[in-house]
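Working notes, structure below.
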Amino acid sequence: MMDNALIIRSADKFRGKTQVLTDVDLVVAPGERVALLGHNGAGKSTLIKMILGLTSIDGGDISIDGAKPGSNVARARTAFLPESVNFHPTLTGREQLTLFARLAGGDRPDIDALLDRVGLSEATNNRIATYSKGMRQRLGLAQVLLGQPKVALLDEPTSGLDPISRQDLYAIINELAAHGTAVLIASHALTEVEAQTDRIAILRKGIKVADDTLANLSHNAGLPTRMRILVQAGQADQIAKATGGERINGASVELYCDANQKMQELRRIAAMGDVVADIELTPPRLEDLYRHYSKEGQT
Amino acid sequence: MIARIFALARAEMLILRRNWWLMMATGIMMLFALALTFAGSAPTGTLGVDMLTISVSSMTTLAVYLAPLLALMMSFDAIAGERDRGTLSLLLTYPAGRGEILMGKFLAQVTALGIATALGLGSAGIVAALYGGASPESLIALSRLIATATLLGAVFVALGYGLSALAKSPAAAAGLAAGLWLVFVVLFDLGLLGAVVMDGGGIFTQKIFPWVMVANPADAFRVWNIAASEGVALASGMGGAAKTLPNWAAPVSLLLWPLLAFVSARAVFRRVEP
């Protein structure tokens, strides 16, 4: 087990009398990217705070590359990107990053190169007050890259980012992982992380209900893909009958099919001709995975 | 550790310079000090002391109110503000202990306060000296005033951190700061005055009162400045209570307070969960 960068063993956490985390186990190996999914209040942020040593652990234990959470060694080896990260508005990006670099200790990093890496080279000497939310998020990412962390914890890293920034963000995360950093990404949106992570852990009401690759999770859950067929006006009833779907309104029909029957179903619908104007495919959402795994967790 | 404290202090200093705190504080100090110096310049001839001595005695009374106020205005936001902006949790994940974070801020803010005090009171002192004369003794009294006013400010900077860590929001911290100022600077003295009047010159007035008084850092500051200079005591007409105390009482009180306030602020800050 010592080769894992982050080890969480049967962690418990209470807030007053309510238990917000129950017996959570999670390991992340160096270079692995794990998504921690769950709704607001599922315990993601609490778990991250426990790993960071910002809040006490009421049961079980956590090890960061062999060190205790909150110890100086652990803090030096951990990088953190808080949800909607913020900085002191009167400092410039460079000043803020220089402060963090000095606090982190170790070698003096090349601040300009770092800011360039996250696409902030134009704004290095501007005050953070003038930054957009996306720029603050980039600055937050720059401080994650300081000093090659063993473990990186990213809380909702894509919130407030446009799609291109998201791609940049994941490129940087992948680079981190390629250098051997264990990456844990907390998110409430499956679509944000599915293509970008090696494994997905799902928290529900403080209990880990699933921990596997997305493919395995979807397969085990047998979750259907949702198809929405847009049809020419007035033809909805007819198509609904023909496909076995459900009429949503005069111009659209919705139906569900298993992942392995998707192509077959698509060919069948495409063959219906001009009546079908468009087909929208929605893969299983976190909500569906959730519902499935939380039911399973109860038995 | 030292490198981290200086890094924090440097960033804090930048902030104080940029948000005009330093300018404002210096300006306020200077303005009030000059006004008091000229308003209080009348008794020079009758008391037979130079004008700088009068000025120092007026500025002592001024600094009792102003130094704690400016210190609290700066420090109340230190932790509550960081928490409110959401910058505290990230800062706490870096390998800087909470004591180091407080010390970095403390160094910067006390330095800023020292600069504002030295420039504000110092320039008023220089004007008084040029206008109405000075002596080696009154110059020492001025330096003592500047140093002790900064020390008094340091007490309230540290106390401000304590209540900033206790408060749930910056607004609550500001309210607590106002209350703290009122208690230490105004109500405490009023209470003592009431007690002395009720006691009517009894045991309390003679034995206990001076010690209770000097336990308050604001009064310790006043007593230190008055007791140390005969001229200032004469000009302020407040030497009475100070004379019954040993010479070390006020300096010990004023030197212990920043230490105690800082240690307790750190203890409160340790319990803060961002």
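What follows is calculated from the coordinates using simple rules that are stated; it is not laboratory data. Note that this is a predicted model, so its numbers are computed, not measured. Glycine also receives a Cβ, built like all others from the backbone with ideal geometry; neighbour counts cover every protein chain displayed.
Data overview
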| quantity | calculated |
| --- | --- |
| The range A:183-299: proportion of alpha-carbon pairs further apart than 26 angstrom, % | 34 percent |
| Spin-label zone in the range B:247-266 - amide nitrogen under 18 Å from a point set 7 Å from the Cα of B:Leu193 along the C-beta vector | none |
| Neighbour net charge for A:Ala42 - beta-carbon separation under 9 angstrom, K R +1, D E -1 | +3 |
| Burial order of peptide ranges A:40-47, B:158-165, A:183-190 (average beta-carbon count within 10 Å, highest first) | B:158-165, A:183-190, A:40-47 |
| For the range B:90-152 and the range B:197-216, distance of Cα centres in Å | 31 Å |
| Partner chain coverage, peptide A:71-83 - average Cβ within 10 angstrom | 3 |
| Residue order, fewest to most beta carbons within 10 Å, for A:Ser71, B:Ser57 | A:Ser71, B:Ser57 |
| Test item: Cα-centred dipole of the range A:1-121, Lys/Arg +1 and Asp/Glu -1 on Cβ, debye | 340 debye |
| Within 10 Å of each Cβ in B:80-93, the average number of Cβ atoms from other chains | 5 |
| 21 Å Cα cut-off, lysine pairs counted over the range A:6-219 (separation 8 or more, or different chains) | 18 |
| Cα-projected label distance for A:Asp112 with A:Gln264, points at 7 Å along beta-carbon direction, nm | 6.2 nm |
| 23 Å Cα-Cα reach of B:Lys243 towards lysines, excluding residues that sit fewer than 8 places from it in its own chain | B:Lys207 |
| Net length gained if the chain between A:Thr18 and A:Ser132 were fully extended (0.36 nm per residue, minus Cα distance) | 37.3 nm |
| HN-Hα J in Hz across the range A:195-212 - Karplus 6.51, -1.76, 1.60, θ = phi - 60°, x for Gly and Pro | 7, 10, 10, 7, 8, 10, 10, 10, 9, 9, 6, x, 10, 7, 9, 7, 7, 6 |
| Listed residue (A:Thr197, A:Tyr131, A:Thr90) projecting farthest to the positive dipole end of the range A:6-219, Cβ model | A:Thr90 |
| Angle in degrees between helix A:93-104 and the longest Cα principal axis of chain A, rounded to the nearest 10 | 70 degrees |
| Nearest 10 degrees, 0 to 90: helix B:249-270 Cα axis against chain B principal axis | 20 degrees |
| Inter-chain shielding of A:44-55 (mean C-beta neighbours from other protein chains, 10 Å cut-off) | 2 |
| Calculated P(r) of the range A:3-142 - Cα pairs past 17 Å, % | 66 percent |
| About the Cα centre, charge dipole magnitude for the range A:6-219 (Lys/Arg +1, Asp/Glu -1 at Cβ), debye | 660 debye |
| Charge context of A:Ile64, other residues only, Cβ under 10 angstrom, K/R +1, D/E -1 | +3 |
| Solvent-free Debye scattering, log10 I(q)/I(0), computed from the Cα coordinates of chain B at q = 0.09, 0.15 Å⁻¹ | -0.44, -1.08 |
| Residue list for the range B:183-205, given a label point 7 angstrom along the Cα-to-Cβ vector of B:Thr244 and an amide N cut-off under 14 Å | B:192-205 |
| Pair A:Ala242, A:Ala277: separation of 7 Å Cα→Cβ label points (nm) | 1.6 nm |
| Nearest-0.05 FRET efficiency for A:Asn40 and A:Asn249, computed from C-beta distance (R0 45 Å) | 0.90 |
| When the convex hull of its Cα atoms is projected in every direction, mean area for the protein assembly as shown (nm²) | 36.2 nm² |
| Over the range B:2-269, relative contact order from alpha-carbon pairs under 8 Å, at least 6 apart, % | 28 percent |
| Average projected area [Cα convex hull, the range A:224-283], square nanometres | 3.4 nm² |
